[in-house]
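Please treat every number below as a calculation from the coordinates, not as lab data. Predicted model only: the values in this text are computed from it and were never measured. Note that we place each Cβ from the backbone using ideal geometry, even for glycine, and neighbour counts take in every protein chain shown.
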Amino acid sequence: MGVLVPAAGRGERAGAGELKQYRPIRGVPMLLRSIRPFAAHPRVRQVVVALPPADAAGPPSWLAGLTGERLRLVPGGATRAASVSAALNVLDPDCRIVLVHDAARPFVTRETIDAVIRVAETGQGAVAAVPMTDSLKRGDSTDRVVGSVDRRDVWRAQTPQGFPRHVLEEAYRTAGNTPGNWAPTDDAELVERAGFTVILVPDTPANIKVTTPEDLRLAEALAAP
C-alpha cells in the first residue's frame with residue numbers, strides 16, 4: 001500500500017512566513033505530523049511526498065533524515081493534481097492500493113486510515129468525510145441569500161482518500177484528456193468524473209485542514225497534551 005502527500009503548495013492563506021506545511025504545531029512541523037500516522041502504519045509500504053522542487057532537492061533537515069525506501073521525496077507541480085500525479089508516477093509498483101492525504105491535515109486517526117483502506121480494498125474509491133451539520137445558504141454576487149440547501153445529503157470531504165491504483169491512474173489519464181482549465185479540488189472528484197464509484201467514510205471533525213492563521217491556532221489547541 002502506498003500513500004501520496006501533495007505538499008508543494010504555497011499556503012498563502014496561512015499568512016506570511018515559512019511554508020504552511022513546514023510550520024510547527026507544538027514544536028513539530030505540520031507535514032511531519034501529517035505523514036507520521038502513515039509511516040508508522042504496518043501495511044504502508046511507501047510514502048511519497050511531493051515538495052516544492054527546490055525543497056525536494058534540498059529538503060528540511062527534519063525530513064531529509066527520514067528519507068529512504070519507505071519515504072521518498074519528489075518535485076511537485078503547480079497544482080495539487082500535478083503534485084499527486086508526480087508522486088503516483090514514482091510510487092513503488094507493488095503498491096496496489098493508494099491513499100492520498102493532505103499535507104495540512106495533521107490529526108488523522110488510525111481508525112480513519114483503516115476504514116478508508118477497507119473500502120478501497122473492495123475495488124471502490126473512498127473519501128473520509130463529515131456530514132454537514134450547519135445550515136447551508138446559496139448566495140448571489142451581492143451576498144444576498146437566494147435559497148437554502150438541503151444538508152441531509154451533504155458531506156464535507158476530507159482526506160485520506162483511497163483508491164485501487166488502477167482506478168486512480170485511469171482517473172488521471174482521463175483528466176489529462178479533459179479540455180479547458182478544469183481544476184479538481186480533490187482526487188475523489190477526478191475518480192467520480194472518470195465513472196468510478198466513491199464511498200463516503202465517516203470521519204471526525206478533528207481531522208481539520210489547516211488553511212488560515214485561525215486554523216493554526218486551533219491546531220495548537222488540538223495538539224495540546
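Miscellaneous remarks
- Between the range 203-225 and the range 62-134, the Cα center-to-center distance that results, in Å: 19
- Computing FRET efficiency as 1/(1 + (r/R0)^6) for Asp92 and Glu18, where r is the C-beta to C-beta distance and R0 is 41 Å, gives about 0.85.
- Average Cα contact separation per residue, the chain, under 8 Å, 6 or more apart, as relative contact order %: 24
- For the chain, the residue among Thr204, Thr79, Thr67 whose Cα projects farthest onto the positive side of the dipole built from Cβ charges is Thr67.
- The range 106-225 shape via C-alpha gyration tensor axes, a/c threshold 1.5: oblate
- When the Cα positions of Thr142, His41, Ala129 are compared along the charge dipole of the chain, His41 comes out farthest toward the positive end, with charges on each C-beta of Lys, Arg, Asp and Glu.
- Of the trypsin sites (Lys or Arg not before Pro) in the range 68-167, those whose Cβ has at most 11 other Cβ within 10 Å and which sit in DSSP loop: Arg144
- The chain - charge dipole about Cα centre, Lys and Arg +1 at Cβ, Asp and Glu -1, debye rounded to 20: 300
- Rounded to whole numbers, the Karplus 3J(HN,Hα) couplings from phi for the range 197-203 are 7, 10, 9, 7, 10, x, 10 Hz, using 6.51 cos²θ - 1.76 cosθ + 1.60 with θ = phi - 60°, and x at Gly and Pro.
- Whole-number percent relative contact order across the range 14-78, with pairs defined as alpha carbons under 8 Å at least 6 apart: 28
- Here the extension length gained between Ala221 and Ala40 equals 62.8 nm, from 0.36 nm per residue of separation less the Cα-Cα distance.
- In this structure, the amide hydrogen of Ile199, modeled 1.01 Å from its nitrogen in the peptide plane, lies closer than 5 angstrom to those of Gly125, Ala126, Val127, counting only residues at least 5 positions away or on a different chain.
- Label-point separation in nm, Asp150 to Thr197, each point 7 Å along Cα→Cβ: 2.3
- DSSP bridge pairs, the chain: antiparallel proportion in percent, nearest 5: 45
- With loop membership from DSSP and a limit of 12 other Cβ atoms within 10 Å, the longest segment of the chain without GluC sites (Glu not before Pro) is 70-225.
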